[in-house]
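Down below is the structure, laid out as structure tokens.
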Amino acid sequence: EGKLYLPVEQLPLLRRHPGTTDGPPRLSTLGTNEWTRARERARASAQELAAKLLKTYAQRQVSEGVSLGPLPDWDPLITQNFPFELTTDQAKAVEATLDDMERPVPMDRLISGDVGFGKTEVAIRAAHRAVGHSRQAAMLVPTTVLARQHYETFRARFEGLPVEVRMLSRFMSDKEANEVLAGLADGTVDIVVGTHRLL
């Protein structure tokens, strides 16, 4: 029957708690420091995570990466194979990604967007830049259906170019998978699209 009074201007901050995977949230008893201690533990944990992230980011900035600059002969070819016009957001994401690839530090970029908003096109252009500089590219996807879909898209986009695109998923026989892995090891496979089997 305890009551906790809040200033009326803080009413918009109240939300229904969604619960946890273990059921409803554990409530703190009024008049104890239980909530304060839990909040302090969460704050300390967040600060510890932030410190680790800062350290990781600082290490990344001083690490030496590989610079993959523009490819005047290849860049127009991959652009011509795109049957649509890039949206403004796609163009920005492609430009930012390729700019990152030109910098001689390890890349740190997340492309986020809804289904159908062109993330695959950004990945294709990044893979193209890597392959054009004699590197290999791997695209990790969560399902075998997506692996097949992206594999077909990559194959269509690199058609007519000297690029070997392969797929790796659980639906392949061991013999097929071993061929793909051997191709990755000896450099004959340029791009692989696959599920966690890639790992």
I'd like to check something: does region 140-163 contain any residue that is under 28 Å from Q61 (Cβ atoms), at pLDDT 90 or above and not acidic (D, E)?
yes
Could you check how many residues of region 120-178 are in contact with a Gly (Cβ under 7 Å, 6 or more places away or on another chain) and aromatic (F, W, Y)?
0
Exactly one of these conditions fails for L86: (1) surrounded by 13 or more Cβ atoms within 10 Å (Cβ to Cβ); (2) not in a loop (DSSP other than H, G, I, E, B). Give me its number.
(2)
I'm checking my understanding of the structure. Among residues of region 99-127 that are open to solvent by less than 30 Å² (accessible area, probe 1.4 Å) and not acidic (D, E), which one is farthest from the chain's Cα centre (by Cα)?
V105
Please work out which residue is nearest to the chain's Cα centre (by Cα), limiting yourself to region 128-137 and to residues that are of a type outside the set (K, R) and open to solvent by less than 80 Å² (accessible area, probe 1.4 Å).
A137
Region 29-71: number of residues that are part of a loop (DSSP other than H, G, I, E, B) and either under 19 Å from E102 (Cβ atoms) or of a type outside the set (A, V, I, L, M, F, W, C) (or both)
13
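The values are calculated or read from the model by the stated rules, or taken from the named source; none is laboratory data. This one's a predicted model, so the numbers in the text were calculated from it and none came from an experiment. Cβ sites come from the backbone with ideal geometry, for glycine too, and all protein chains shown count toward neighbours. Quick note on the areas: whole protein, heavy atoms, side chains included, nothing else; ligands and nucleic acids left out. Shrake-Rupley method; radii C 1.70, N 1.55, O 1.52, S 1.80 Å.
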